[in-house]
Amino acid sequence: MTLLEVRDLHVDFHTRDGIVKAVNGVNYSVDAGETLAVLGESGSGKSVTAQAIMGILDMPPGRIPKGEILFQGEDMLTMSKEQRRKLRGAKIAMIFQDALSSLNPVLSVGYQLGEMFRVHQGLSRKEARAKSIELMDRVNIPAAKDRVRDYPHQFSGGMRQRIMIAMALALEPDLIIADEPTTALDVTVQAQVMELLADLQREFNMGLILITHDLGVVADVADKIAVMYAGRIVETAPVKELYKAPAHPYTRGLLDSIPRLDQKGRELYAIQGLPPNMSRVPEGCAFHPRCPAAQDICRSELPPLAEVGAGRGSACHFWKETLGD
Amino acid sequence: MGRYVARRLLQMIPVFIGSTLLIFCMMYVLPGDPVRALWGEQSADPAQIAALKHQLGLDLPLWHQYWNYLTGLFQGDFGTQIASQRPVADVIAQAFPVTLRLTIFAFVFTVVAGVLLGLIAGLRADKALDRVVLFFTLLLISVPSFVLGFLFQYLFAFKLGWVTPTVQDSEAWGQLLLPAIVLAGLSLAYVTRLTRTSVAENLRADYIRTAVAKGLPHRRVVGVHLLRNSLIPVVTFLGTDVGSLMAGAVVTEGIFNVQGIGNAIFEALNRREGSTVVGIVTLIVIVYLVASLIVDLLYAVLDPRIRYA
Ligand SMILES: Nc1ncnc2c1ncn2[C@@H]1O[C@H](COP(=O)(O)OP(=O)(O)OP(=O)(O)O)[C@@H](O)[C@H]1O
Ligand code: SF4
Ligand SMILES: [Mg+2]
């Protein structure tokens, strides 16, 4: 069953310098137990989409002029505030990039974990504390019992991110959104944290939306991929197929810029140019100023997300040629 | 923690000696003579004056006088006023509680109203209400407190007749309300602005986003997560503010005729009663030191990242 489906989602920010169209018609879906990886350069709207799903957009300046976010078949955008609040944390949870700034510096981790149980399940402080210790054990924090009273700054980066994960898992939600959960960590602990997250996901059969820049991680844990560019999904596909044969020049550029062992020593490929300013997105295909395959039609006509195979889509006028190369 | 408190208390000794000595010297070099003043306009017999000075120890060198004062102090003797023959301890015991009450009153008002206004404004940063609050606090900051005092006196006493223009009974809490508000004015404006900025800033912090993502009710996000973090800079400010409130009390007392230390200092200065001035000022310094110690300890309670050792 489809756990979450985002349909034609638009998000604008009304700023002093004009309207920033951060998300322009995003579609994606996740099933229970499935992992969707969201890729794309900085500013492509990955986090904003996640925040819209979570219901934590800054509104204002943010606005959702159009779109639906169906969670277990119900549109969350038409729910009451209170209904949505009850879903947050309990059914849909989020893991943020920087655990140090995302945890409250003046409250003990035990308090912050326990809050989930106290608020959503009405447990007493004591019961909540016991549950917090259990959770900390579960995410492999040594000496959880002694450390439950400690504050975020007293933990290492990896341990802090484990606490974030524990907090997200506290109420065994159906969907987890992890926004670059390992970017802020040391390379050595990145793999451990990612493994923990993947294990727990399997155990609870949760849907996972994993926002990341790390294409290596994606290949290991994701089932399918959505590639974002300038607030749109430009390609979506099952992981293996996408890696084998991308159907969009942007995806191809991303894949070519991964350092590979068999090409050691060679200069890395990089997509030329910079991502567009989101308040002045180019006409037609937003990628055309940087696209090596761009033709005249690309400058005037917006390519729709065309079906290019089973469960595959590409928003490129020349997806056939790209796929065939 | 215990060691920290002990060290801070020990640090008060040199500050105490320094401040008493400083004021003692200032009184010494001030022109005028408390003994000569006893005779007023009349001419006095120089021999008589000299005799009295000798009796009071005022003919001794400065260091000796200071030594006598200190040793007296450690035996609980604050000295005696020359003209009235009243023990200085009595003068202080009568005036000090009045000022302390006025200050506490103003302090509580500053904290409660300042934090509340700041929170309300900060939660709606850049909206109309926030602008109004910012405007009025700016006004409060730019108007000298005695102007505010006279303005309130005019408005509430002469125009509206709600209160008497001056305080009749300095022991009565109710009568101290207006002076306390005037005294609090400046601090209130600062606390409001500080809280407002801090709230608006913390509202954008990542951990607030987390709190919302956890599905906590708005009340809890604001009351538990936002407020506690936002109060940290406010508490720091309040620590130093106790001193300025006590200093401000001296001015406010003058406007509303409150019989507190401001009044006592004024009279004592006029008559060059050195021991009275030194006693009162030293007490203010001590209250200030104790208050800032309490605030520092509170700071550590609010922010676990601070550890005193
Ligand atoms: N609160 C906001 N106000 C105004 N603009 C915003 C706000 N939040 C995001 N944006 C804009 O929306 C666009 C998309 O931002 P988003 O954070 O989703 O990017 P991202 O894909 O997550 O990038 P990164 O990889 O850097 O995290 C950016 O251009 C950003 O400037
Ligand atoms: S539509 Fe044109 S510009 Fe856009 S990706 Fe395809 S080829 Fe490149
Ligand atoms: Mg992001």
Query - For A:His288, B:His64, A:His10, order by how many other beta-carbon atoms lie within 10 Å, fewest first - result: B:His64, A:His10, A:His288
Report task. Determine the distance separating the Cα centre of region B:199-254 from the Cα centre of region B:51-82; give it in Å without decimals. Result -> 48 Å
Query raised in the report: Based only on Cα atoms, what Rg/Rh ratio does chain A have, Rh being taken as Kirkwood's radius?
Result: 0.99
**Report entry** Exposed-site-free run, longest, chain B (rule: GluC sites (Glu not before Pro); DSSP loop; at most 13 other C-beta within 10 Å)
**Finding:** B:172-309
Query raised in the report: For the protein assembly as shown, what does the alpha-carbon gyration tensor say about shape, rounded, prolate or oblate, given a ≥ b ≥ c as the root eigenvalues, a/c under 1.5 as rounded, and a/b over b/c as prolate?
Result: prolate
Requested in this report: Within region B:18-51, find all residues whose amide N lies under 12 Å from a label point positioned 7 Å from the Cα of B:Leu70 along Cα-to-beta-carbon.
Outcome: B:18-22
Query raised in the report: Expressed as a whole number of Å, what is the distance separating the alpha-carbon centroids of region B:126-196 and region A:185-215?
Result: 57 Å
Report summary line: Karplus-derived 3J(HN,Hα) from phi for region A:248-255 (6.51 cos²θ - 1.76 cosθ + 1.60, θ = phi - 60°), whole Hz, x at Gly and Pro, runs 9, x, 5, 4, 4, x, 4, 5
Requested in this report: Identify the residues of region A:100-116 with backbone N under 19 Å of a label point that sits 7 angstrom from the Cα of A:Lys145 along the Cα-to-Cβ direction, or state none.
Outcome: A:109-111, A:114
Report task. Using label points projected 7 Å from each Cα along Cα→Cβ, tell me how many nm separate A:Gln192 and B:Ile294, to one decimal. Result -> 4.7 nm
Report summary line: The helix A:125-138 Cα axis meets the longest alpha-carbon principal axis of chain A at an angle in degrees, between 0 and 90 and rounded to 10, of 50 degrees
Query raised in the report: What shape does region A:168-276 have by the C-alpha gyration tensor, where a ≥ b ≥ c are the square roots of the eigenvalues, rounded means a/c under 1.5, and otherwise prolate means a/b greater than b/c and oblate the rest?
Result: prolate
Report summary line: With Cα springs under 10 Å, the Gaussian network model of chain A assigns the largest mean-square fluctuation among A:Pro246, A:Pro60, A:Pro173 to A:Pro60
Report summary line: Each label sits 7 Å from Cα toward the beta-carbon; between A:Gln72 and A:His153 the label points are separated, in nm, by 4.0 nm
Query - region A:1-26 versus region A:41-94: alpha-carbon centroid distance in Å - result: 10 Å
Report task. Would you mind computing, in nm to one decimal, how far apart the modelled labels at B:Val29 and A:Glu203 are, each placed 7 Å from Cα along Cα→Cβ? Result -> 7.5 nm
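Helix check for chain B. Which DSSP H runs span at least 30 Å along their own axis by Cα, with a mean Kyte-Doolittle hydropathy no less than -0.5?
Helices passing the filter in chain B: B:2-29, B:88-123, B:177-203, B:227-256, B:274-302.
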Requested in this report: Provide B:Val112, A:Val23 in ascending order of the number of other Cβ atoms located within 10 Å of each residue's Cβ, fewest first.
Outcome: B:Val112, A:Val23
**Report entry** Nonlocal amide H pairs with A:Val38, under 5 Å, H built at 1.01 Å
**Finding:** A:Leu210, A:Ile211, A:Thr212, A:Ala226
Report summary line: Output row, site B:Val112, 7 Å Cα→C-beta label point, backbone N cut-off 14 Å, window region B:138-182, residues B:174, B:177-178, B:180-181
Requested in this report: Choose one answer from A:Ile141, A:Ile297, A:Ile225: the residue with the largest mean-square fluctuation in a GNM of chain A with alpha-carbon springs under 10 Å.
Outcome: A:Ile297
Report task. State whether chain B is rounded, prolate or oblate according to the following rule on the C-alpha gyration tensor (a ≥ b ≥ c being the square roots of its eigenvalues): a/c under 1.5 gives rounded; otherwise a/b larger than b/c gives prolate, and the remaining case gives oblate. Result -> oblate
Requested in this report: May I ask you to derive the FRET efficiency for B:Trp63 and B:Val143 from their Cβ-Cβ distance with R0 = 56 Å, giving the value to the nearest 0.05?
Outcome: 0.80
Requested in this report: Report, to the nearest 10°, how far helix A:109-121 tilts away from the longest principal axis of the Cα atoms in chain A, using its own Cα long axis and a range of 0 to 90°.
Outcome: 90 degrees
Report summary line: Of the listed pairs A:Lys81/B:Lys127; A:Lys21/B:Lys127; A:Lys46/A:Lys145; A:Lys66/B:Lys127; A:Lys91/A:Lys320, those with alpha carbons more than 28 Å apart are A:Lys46/A:Lys145; A:Lys91/A:Lys320
Report summary line: Amide H proximity to A:Ala306 below 5 Å, modelled H, separation 5+ or other chain, gives A:Ser314, A:Ala315, A:Cys316
Report summary line: With R₀ set to 56 angstrom, the calculated FRET efficiency between the beta-carbons of B:Ala37 and B:Ile306, to the nearest 0.05, is 0.60
Query raised in the report: Which whole-number percent is the relative contact order of chain B (Cα, under 8 Å, 6+ apart)?
Result: 28 percent
Requested in this report: Choose one answer from B:Gln175, B:Gln55, B:Gln65: the residue with the largest mean-square fluctuation in a GNM of chain B with alpha-carbon springs under 10 Å.
Outcome: B:Gln55
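Laboratory data are not the source of any read-out in this text; all were calculated from the coordinates shown. Note that the coordinates shown come from a computational prediction; the quantities given were computed from them, not determined experimentally. A quick note on method: Cβ atoms are made from the backbone with ideal geometry, for glycine too, and the neighbour counts reach across all protein chains shown.
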